[in-house]
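The values are calculated or read from the model by the stated rules, or taken from the named source; none is laboratory data. Being a predicted model, the structure only gives us computed values, none of them experimental. As a convention, Cβ positions derive from the backbone with ideal geometry for all residues, glycine included, and neighbour counts pool all protein chains shown.
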Amino acid sequence: MAAAAAAAPDPWQRAAPRKRRSAGRRPRRREAAAPGPQAELETKLDADSGVVLRRLQEAEKDLLISDFWSSALETINTCLTKYLEQLKTPVGTLLDALGNLHLDSSIDESVVVPDSIPGETLVTGTCHLKCVCYGIGNFATCIIARNQLMFLLLFLEKCQIPRSHCWVYDPLFSQLEIAVLNTLGVTVLRENEEGKRSIRGEPTIFYMLHCGTALYNNLLWSNWSGEALSKMVIIGNSFQGLEERLLARVLQKHYPYVAKILKGLEELEFPQTSQYMDVFNDTSVHWFPVQKLVQFSIDTWAFREEPDYQDCEDLEIIRKKTSDPSEMDWNAL
């Protein structure tokens, strides 16, 4: 018994000190690297993007249940039906391919998030339209711009225009807004085109709400032919309203393409409701009937002078910045 007791270990007995390893062989504790400025920026952008996307979803829900949305669809439907009748494709008229733009209660994809409220769909069939959006504004902080962006996203879905076929630009976009647009799947332009984009023969819808008159003038100049204009639709400031607000001499001198095209277009005003009065006021859908364009004289089409606006006062457009050769980024070459 005594021998057994002596052999039993004492629970309070102090353990013998371990032999210390040399400092050179001691495993070092892994320290977590402090996040760098870029990582912190990306983390903040992710968090802020989530906030903006949730606000867009709220704007979507309000828009879909409003009287304005259904009325606006009818206005667009009326205009696009006429517009598509004059566009021919090898497989017949785009109107036939579009299925008369009838409304369907089903929806294939959500606009912002998977649980978004479904809405009507404009079935476009084999019609391949493209879209360009200028001047949407700072939608991260401005509710008007946010509603305008949400309308654009819903419009793309109803016309079955892939978001990757929608080009968006505003010189005032922040890094956050560019990140959100990339998340939404639209194509963000990197260069200020000043509206000077040619459609290159492809049917294109331009979404330009509350933009400066020079932007419309530049767009018309870039597509100044009956063939190109007949393939365009412009959703933006009422051209009739521009004619009424601007003096005739100012319109003809500084915005000659807007002045000339007034007799070659048809426009339908957007509905006006108290809820979206500040969002879509003075907005119309414009298209250019061939029957009107063919009545223009040869001299009208021959005038192709590029706008410069050097002596134009109150120019409501942000001009493209000209790069200084001394500041060229040679690493980008």
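Quick check: is even one residue across region 279-300 of a type outside the set (Ser, Thr, Tyr), closer than 20 Å to Ile136 by Cα and assigned to a loop (DSSP other than H, G, I, E, B)? Steps first, answer last, please.
Within region 279-300, the first condition is being of a type outside the set (Ser, Thr, Tyr), and the residues that meet it are 279-282, 285-296, 298-299.
Adding the requirement that they be closer than 20 Å to Ile136 by Cα leaves 279-282, 285-286.
Still in the list and also assigned to a loop (DSSP other than H, G, I, E, B): 281-282.
Yes, region 279-300 contains a residue that is of a type outside the set (Ser, Thr, Tyr), closer than 20 Å to Ile136 by Cα and assigned to a loop (DSSP other than H, G, I, E, B).
One line per residue, one yes/no per condition, for (1) surrounded by fewer than 18 Cβ atoms within 10 Å (Cβ to Cβ); (2) modelled with pLDDT under 50; (3) within 20 Å of Lys292 (Cβ to Cβ):
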| position | (1), (2), (3) |
| --- | --- |
| Asp67 | yes, no, no |
| Tyr83 | no, no, yes |
| Leu87 | yes, no, yes |
| Asn100 | yes, yes, no |
| Ser106 | yes, yes, no |
| Glu109 | yes, yes, no |
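Is region 218-235 home to any residue that is of a type outside the set (Phe, Trp, Tyr), over 18 Å from Val285 (Cβ atoms), crowded, with 22+ Cβ neighbours inside 10 Å and modelled with pLDDT of 95 or more?
Yes, because at least one residue in region 218-235 is of a type outside the set (Phe, Trp, Tyr), over 18 Å from Val285 (Cβ atoms), crowded, with 22+ Cβ neighbours inside 10 Å and modelled with pLDDT of 95 or more.
Given the condition within 23 Å of Leu156 (Cβ to Cβ) and aromatic (Phe, Trp, Tyr), answer yes or no: does some residue in region 296-310 qualify? Give the derivation first.
Within region 296-310, the first condition is being within 23 Å of Leu156 (Cβ to Cβ), and the residues that meet it are none.
No, region 296-310 contains no residue that is within 23 Å of Leu156 (Cβ to Cβ) and aromatic (Phe, Trp, Tyr).
If you check Glu227 against the conditions, is it touching a residue at least 40 places away in the same chain (Cβ under 8 Å) and closer than 21 Å to Lys82 by Cα? Give the steps one after another, and end with the answer.
Values: touching a residue at least 40 places away in the same chain (Cβ under 8 Å): no; closer than 21 Å to Lys82 by Cα: yes.
It is false that Glu227 is touching a residue at least 40 places away in the same chain (Cβ under 8 Å) and closer than 21 Å to Lys82 by Cα.
Just the residues that are in a helix (DSSP H, G or I), surrounded by 15 or more Cβ atoms within 10 Å (Cβ to Cβ), of a type outside the set (A, V, I, L, M) and modelled with pLDDT of 95 or more, please, taken from region 242-275.
At the first step, the residues of region 242-275 found to be in a helix (DSSP H, G or I) are 242-245, 248-254, 256-264, 274-275.
Checking the rest, the ones that are also surrounded by 15 or more Cβ atoms within 10 Å (Cβ to Cβ) come to 242, 250-251, 254, 256-261, 264.
Checking which are of a type outside the set (A, V, I, L, M) leaves us with 254, 256-257, 260, 264.
Result: Pro256, Tyr257, Lys260, Gly264.
Listed residues Val168, Val188, Val180; which is buried (at least 23 other Cβ atoms within 10 Å of the Cβ), more than 25 Å from Leu84 (Cβ to Cβ), of a type outside the set (D, E, K, R) and in contact (Cβ under 8 Å) with a residue 12 or more places away in the chain? Give the steps one after another, and end with the answer.
On the way: Val168 fails: more than 25 Å from Leu84 (Cβ to Cβ); Val188 fails: buried (at least 23 other Cβ atoms within 10 Å of the Cβ).
Sole residue among the options that is buried (at least 23 other Cβ atoms within 10 Å of the Cβ), more than 25 Å from Leu84 (Cβ to Cβ), of a type outside the set (D, E, K, R) and in contact (Cβ under 8 Å) with a residue 12 or more places away in the chain: Val180.
Tell me whether region 155-162 contains one or more residues that are touching a residue at least 24 places away in the same chain (Cβ under 8 Å) and out of contact with any strand residue (DSSP E or B) (no Cβ under 8 Å at 6 or more places or on another chain). I'd like the intermediate steps shown before the answer.
In the first step, residues of region 155-162 are kept if they are touching a residue at least 24 places away in the same chain (Cβ under 8 Å); the result is 155-161.
Narrowing the set further to residues that are out of contact with any strand residue (DSSP E or B) (no Cβ under 8 Å at 6 or more places or on another chain) leaves none.
No, every residue in region 155-162 fails to be touching a residue at least 24 places away in the same chain (Cβ under 8 Å) and out of contact with any strand residue (DSSP E or B) (no Cβ under 8 Å at 6 or more places or on another chain).
From the list Leu176, Leu184, Leu172, which one is over 27 Å from Lys260 (Cβ atoms) and in contact with an Asp or Glu (Cβ under 6 Å, 6 or more places away or on another chain)?
Numbers: Leu184 fails: in contact with an Asp or Glu (Cβ under 6 Å, 6 or more places away or on another chain); Leu172 fails: in contact with an Asp or Glu (Cβ under 6 Å, 6 or more places away or on another chain).
None of the other options fit; the residue is Leu176.
Quick one: how many residues across region 273-325 are within 28 Å of the chain's Cα centre (by Cα), closer than 25 Å to Tyr169 by Cα and not polar (S, T, N, Q)? Spell out how you get there, then give the answer.
Going residue by residue through region 273-325, those that are within 28 Å of the chain's Cα centre (by Cα) are 273-289, 306-309, 314-323.
Next, only the ones that are closer than 25 Å to Tyr169 by Cα stay: 276-288, 306-309, 314-323.
Now drop any that are not not polar (S, T, N, Q), which leaves 276-280, 282, 285-288, 306-309, 314-321.
Selection size over region 273-325: 22.
Quick one: count up the residues across region 181-235 that are assigned to a loop (DSSP other than H, G, I, E, B), among the aliphatic types (A, V, I, L, M) and farther than 14 Å from Ile318 by Cβ.
At the first step, the residues of region 181-235 found to be assigned to a loop (DSSP other than H, G, I, E, B) are 185-186, 189-203, 209-212, 223-225, 230-231.
Right, trim to among the aliphatic types (A, V, I, L, M) and you get 186, 189, 199, 209.
Then keep just the ones that are farther than 14 Å from Ile318 by Cβ; that gives 186, 199, 209.
Residues that pass the stated criteria total 3.
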